[in-house]
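Q: Got a structure for you, written out below as structure tokens; questions coming shortly.
The values are calculated or read from the model by the stated rules, or taken from the named source; none is laboratory data. All values derive from a computational prediction rather than experimental measurement. Here the Cβ is made from the backbone with ideal geometry for all residues, glycine too, and neighbour counts use every protein chain on show.
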Amino acid sequence: MTDSALQTLGPGESAPRARFWHDLSFWGLLPARLLMGFALILPIFIIAAVSVATRGAYGGFTWDFNPAGYSQILFNEGWTGELEFTPQYLFVIARTFLLSGAATAICLVFAVPVAYFISRQPAGRKALLVYLVTLPFWVSMILRVYAWMIILGKDGTLPRFLETLGFPAGMSFMFNDGATLTAMVYTGMPLMILPVFASIEKLDGTLIEASHDLYGNRWVTLRRVILPLTAPGIVAGAILVFVPALGAVLEPTLMGGGKQMMMGSLIQLQFGGGRNWPFGAAIAMTLMALVMIFLIFTALRAARREART
């Protein structure tokens, strides 16, 4: 055994015993590693392989290498067999990022004051409010989306209320980007509130008092003290909202009526009614690549921020 390895041994611990404990930790973590490999890593490789497979004549695919799934995102085969540029799927990608970014921004605007209010409550009331924030997680996602369909749909709660105020009868707020965005904000709000609340709760209250003592108003205190010190929670909440929103399926399908697709619903369509598995897998891999670029960019910004501090 090398000198460096001997230095890691505890007092009175022999080399064979150290190797035994090393082997025990390896075998103890082996089930978790196998689970991660089969449940997380292996499916990614399968989707990557399907994305470069050949579409079958009646659906499905064959294992012949063909990158047409990726080229179909930007090009389509014309009548003469030549590839023609078609930006329709670029519009889907742009709409996905636009709605996901808007949902993240709206959730952040509402989550910061709500989280700050909860953090300043007594212990008993604080626990109750946190429970109310997490309460939607106890209800099925489909039921929550259908509830919004009842609220916003024709003859729903909101149109009937507006009728009593003099608005025209028979109004409907469904099947558009606004309805999709509403459902996405409702879905992501708890995921934004909880990390922001965890960061604000750790915030030293004397720093806020010091800001007021130095004649800082509420806006200055929020911008110079609260937001910088709670940035880790804000970044975590933004990731928890933005990344799942990129792959949203129920919101654009049910609330948007399938008229304005997002990448999640487009992938579902290709694996379902479209029966074009290589194209659906190519879109899924493209979405994963875009998410990884976003996460890497966020991590690099956080690392630079910590280096400056």
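Q: Which ones in the range 46-60 are within 26 Å of P87 (Cβ to Cβ) and either more than 30 Å from the chain's Cα centre (by Cα) or not polar (S, T, N, Q) (or both)?
A: Applying the first criterion (within 26 Å of P87 (Cβ to Cβ)) to the range 46-60 yields 47-48, 50-55.
Across the range 46-60, the qualifying residues are I47, A48, V50, V52, A53, T54, R55.
Q: Among the residues of the range 101-111, is there at least one that is of a type in the set (F, W, Y), more than 30 Å from V196 (Cα to Cα) and either under 25 Å from the mean Cα position of the chain (by Cα) or modelled with pLDDT of 90 or more (or both)?
A: Checked the range 101-111: no residue is of a type in the set (F, W, Y), more than 30 Å from V196 (Cα to Cα) and either under 25 Å from the mean Cα position of the chain (by Cα) or modelled with pLDDT of 90 or more (or both).
Let's see how each residue does on (1) in contact with a helix residue (DSSP H, G or I) (Cβ under 7 Å, 6 or more places away or on another chain); (2) within 30 Å of L227 (Cα to Cα); (3) in contact (Cβ under 8 Å) with a residue 24 or more places away in the chain; (4) not in a helix (DSSP H, G or I):
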site	(1), (2), (3), (4)
F137	yes, yes, yes, no
W148	yes, no, yes, no
M171	yes, no, no, yes
T180	yes, yes, yes, no
M189	yes, yes, yes, no
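Q: Is there a residue being out of contact with any helix residue (DSSP H, G or I) (no Cβ under 6 Å at 6 or more places or on another chain) and touching a residue at least 24 places away in the same chain (Cβ under 8 Å) anywhere in the range 116-129?
A: No: the range 116-129 contains no residue that is out of contact with any helix residue (DSSP H, G or I) (no Cβ under 6 Å at 6 or more places or on another chain) and touching a residue at least 24 places away in the same chain (Cβ under 8 Å).
Q: Can you name the residue in the range 275-302 that is in contact (Cβ under 8 Å) with a residue 12 or more places away in the chain and within 15 Å of the chain's Cα centre (by Cα) and is also surrounded by the most Cβ atoms within 10 Å (Cβ to Cβ) among such residues?
A: A284
Q: Of everything in the range 157-169 that's in contact with a helix residue (DSSP H, G or I) (Cβ under 7 Å, 6 or more places away or on another chain) and modelled with pLDDT of 85 or more, which residue is farthest from L181 (Cα to Cα)? First the steps, then the outcome.
A: Pass one, the range 157-169, residues in contact with a helix residue (DSSP H, G or I) (Cβ under 7 Å, 6 or more places away or on another chain): 157-158, 169.
Right, trim to modelled with pLDDT of 85 or more and you get 157-158.
Values: T157: 18, L158: 16 Å.
Result: T157.
Q: Would you call A236 touching a helix residue (DSSP H, G or I) at 6+ places or on another chain (Cβ under 6 Å), assigned to a helix (DSSP H, G or I) and over 24 Å from Q121 (Cβ atoms)? Lay out the reasoning, then the answer.
A: Details: touching a helix residue (DSSP H, G or I) at 6+ places or on another chain (Cβ under 6 Å): yes; assigned to a helix (DSSP H, G or I): yes; over 24 Å from Q121 (Cβ atoms): no.
No: the conditions fail for A236.
Q: Ok, one more. Could you check the range 113-150 and list, in sequence order, the residues that are surrounded by 15 or more Cβ atoms within 10 Å (Cβ to Cβ) and over 25 Å from the mean Cα position of the chain (by Cα)?
A: Selection gives K126 alone.
Q: May I pose another question? What pairs can you find where one residue is in the range 42-58 and free of Cβ contacts under 8 Å to residues at least 24 places away in the same chain, the other is part of a loop (DSSP other than H, G, I, E, B) and surrounded by 13 or more Cβ atoms within 10 Å (Cβ to Cβ), and their Cβ atoms are less than 8 Å apart, with a gap of 6+ or different chains?
A: Hits for this filter: zero, empty list.
Q: Across the range 243-257, what is the total count of residues that are among the hydrophobic types (A, V, I, L, M, F, W, C), assigned to a loop (DSSP other than H, G, I, E, B) and either touching a residue at least 40 places away in the same chain (Cβ under 8 Å) or not assigned by TED's automatic domain parsing to the domain that holds G188 (or both)? Spell out the reasoning first.
A: Residues of the range 243-257 that are among the hydrophobic types (A, V, I, L, M, F, W, C), as a first pass: 243, 245-246, 248-250, 254-255.
Checking which are assigned to a loop (DSSP other than H, G, I, E, B) leaves us with 248-249.
This time we only want the ones that are either touching a residue at least 40 places away in the same chain (Cβ under 8 Å) or not assigned by TED's automatic domain parsing to the domain that holds G188 (or both), so: 248.
Qualifying residue count for the region: 1.
Q: Can you tell me how many residues in the range 57-72 are among the small types (G, A, S), touching a helix residue (DSSP H, G or I) at 6+ places or on another chain (Cβ under 8 Å) and not in a helix (DSSP H, G or I)?
A: 2
Q: Just name the residue that is surrounded by the fewest Cβ atoms within 10 Å (Cβ to Cβ) out of those in the range 217-270 that are over 26 Å from K154 (Cβ atoms) and in contact with a Pro (Cβ under 6 Å, 6 or more places away or on another chain).
A: Only one residue tops the list, namely A236.
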